[in-house]
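*Asks:* Below you'll find the structure I mean.
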Amino acid sequence: MNPQDAAGSLYEALLAEARQWACDDVEDQEVLDAIENAPTPHDQLALLQTSNLVPSHLSSAIADALLALDPATYSPTPTPPETAMADPQLHRVRDASITVVNASPEDNTPSDVYEIQVFGVSMLIRQCAQWGPATDVPYIHIEDQRDEAGLLLVKVNNSGEHEHRPGAEETAA
C-alpha cells in the first residue's frame, strides 16, 4: 500500500470513529455535515480535530500520521502537483507546522524554502538570488490565512510595530 492510500484509510478510520461517537442531536450532525462538506482534506481533518466527536489525543496522533504519510494532501497549504518542488518535509511543533522545500535551481529557487504556519498566519522565508546589486537577500512573505483576517502587528529590526489590516494601507502604531 502506498503512503497516500494508507493516509486515506487512516482518515476514513478516524471519520468512522467520529460517526460512532456522534449523538443523534442536531449539533453533532451539523459537525459531521461540515466535515463531509469541507472543501479540502486539510479542512476536513481540522474540523475533526476541533470537534468533540473524537478524543483529542487520538485525533492528534492520527493527524500527525496523515501529515507524515501524505503532506501534499493534509498540510494546510498543499503544493499543487503541477508545481511540486523536490522532497517537501513537514514538521509539527505544538500548534505550528513548518514545511521545508529543498532548493531547486531549475525553478530559480536558490535556497531552501521554509514556511511556518501558526495561529492562522503563514510566513514564508527564503533567499532571493539577486535583488538589485545584492545577492542572497533574505525574502519574507507573511499572509493572514484566518477566515476573518484582522489586525496583524509586524516588527522588523526593532523599527517599531506596524499595523496591517485587510484592505488598508500600512500604518505605524
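*Asks:* Being of a type in the set (Phe, Trp, Tyr), under 24 Å from ALA61 (Cβ atoms) and at pLDDT 70 or above narrows it down to one of TYR74, TYR114, so name that one. Full working, then the answer.
*Replies:* Numbers: TYR114 fails: under 24 Å from ALA61 (Cβ atoms).
The match here is TYR74.
*Asks:* Give me the residue from region 78-111 that is modelled with pLDDT under 60 and surrounded by 14 or more Cβ atoms within 10 Å (Cβ to Cβ) and, out of that set, farthest from the chain's Cα centre (by Cα).
*Replies:* That would be MET85.
*Asks:* I'd like the residue in region 2-20 that is over 15 Å from ALA68 (Cα atoms) and in contact with a helix residue (DSSP H, G or I) (Cβ under 8 Å, 6 or more places away or on another chain) and, out of all such residues, is most open to solvent (accessible area, probe 1.4 Å). Step through it out loud before you land on a result.
*Replies:* The first filter runs over region 2-20 and keeps only residues over 15 Å from ALA68 (Cα atoms), leaving 12-20.
If we keep only those that are in contact with a helix residue (DSSP H, G or I) (Cβ under 8 Å, 6 or more places away or on another chain) as well, we get 13-15, 17-19.
Details: ALA13: 55, LEU14: 2, LEU15: 8, GLU17: 59, ALA18: 0, ARG19: 105 Å².
For region 2-20, the residue satisfying everything is ARG19.
*Asks:* Given the criterion assigned to a helix (DSSP H, G or I), of a type outside the set (Gly, Ala, Ser) and modelled with pLDDT under 85, identify the matching residue among ASP24, ASP43, ASP33. Outline the logic, then answer.
*Replies:* Values: ASP24 fails: assigned to a helix (DSSP H, G or I); ASP33 fails: modelled with pLDDT under 85.
Selected residue: ASP43, the only one of ASP24, ASP43, ASP33 that is assigned to a helix (DSSP H, G or I), of a type outside the set (Gly, Ala, Ser) and modelled with pLDDT under 85.
Per-residue answers, yes or no, for (1) under 21 Å from THR99 (Cβ atoms); (2) not in a helix (DSSP H, G or I):
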site	(1), (2)
PRO39	yes, yes
LEU53	no, yes
ALA61	yes, no
ASP64	yes, no
ALA68	yes, no
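*Asks:* So which of GLN49, GLN29 is in contact with a helix residue (DSSP H, G or I) (Cβ under 7 Å, 6 or more places away or on another chain), under 26 Å from ASP147 (Cα atoms) and open to solvent by 30 Å² or more (accessible area, probe 1.4 Å)? Please lay out each step first, then the result.
*Replies:* Values: GLN29 fails: in contact with a helix residue (DSSP H, G or I) (Cβ under 7 Å, 6 or more places away or on another chain).
Matching residue, one of GLN49, GLN29: GLN49.
*Asks:* Out of all the residues in region 144-160, which are part of a strand (DSSP E or B) and either within 16 Å of the chain's Cα centre (by Cα) or over 22 Å from GLU115 (Cα atoms) (or both)? Let's see the steps before the verdict.
*Replies:* Keep residues of region 144-160 that are part of a strand (DSSP E or B), which gives 144, 152-155.
Correct list: ASP144 only.
*Asks:* Tally up the residues in region 65-75 that are open to solvent by 50 Å² or more (accessible area, probe 1.4 Å) and either under 15 Å from GLU12 (Cα atoms) or in contact with a helix residue (DSSP H, G or I) (Cβ under 8 Å, 6 or more places away or on another chain) (or both), please.
*Replies:* Initial filter on region 65-75 (open to solvent by 50 Å² or more (accessible area, probe 1.4 Å)): 68-69, 72.
Now restrict to residues that are either under 15 Å from GLU12 (Cα atoms) or in contact with a helix residue (DSSP H, G or I) (Cβ under 8 Å, 6 or more places away or on another chain) (or both): 69, 72.
Of the residues in region 65-75, 2 are open to solvent by 50 Å² or more (accessible area, probe 1.4 Å) and either under 15 Å from GLU12 (Cα atoms) or in contact with a helix residue (DSSP H, G or I) (Cβ under 8 Å, 6 or more places away or on another chain) (or both).
The values are calculated or read from the model by the stated rules, or taken from the named source; none is laboratory data. Treat the numbers as computed from the prediction; the structure is a model and nothing was measured. Using ideal geometry, Cβ is built from the backbone for each residue, glycine included, and neighbour counts are taken over all protein chains shown. With ligands, DNA and RNA removed, areas are computed over all heavy atoms of the protein, side chains included. Shrake-Rupley method; radii C 1.70, N 1.55, O 1.52, S 1.80 Å.
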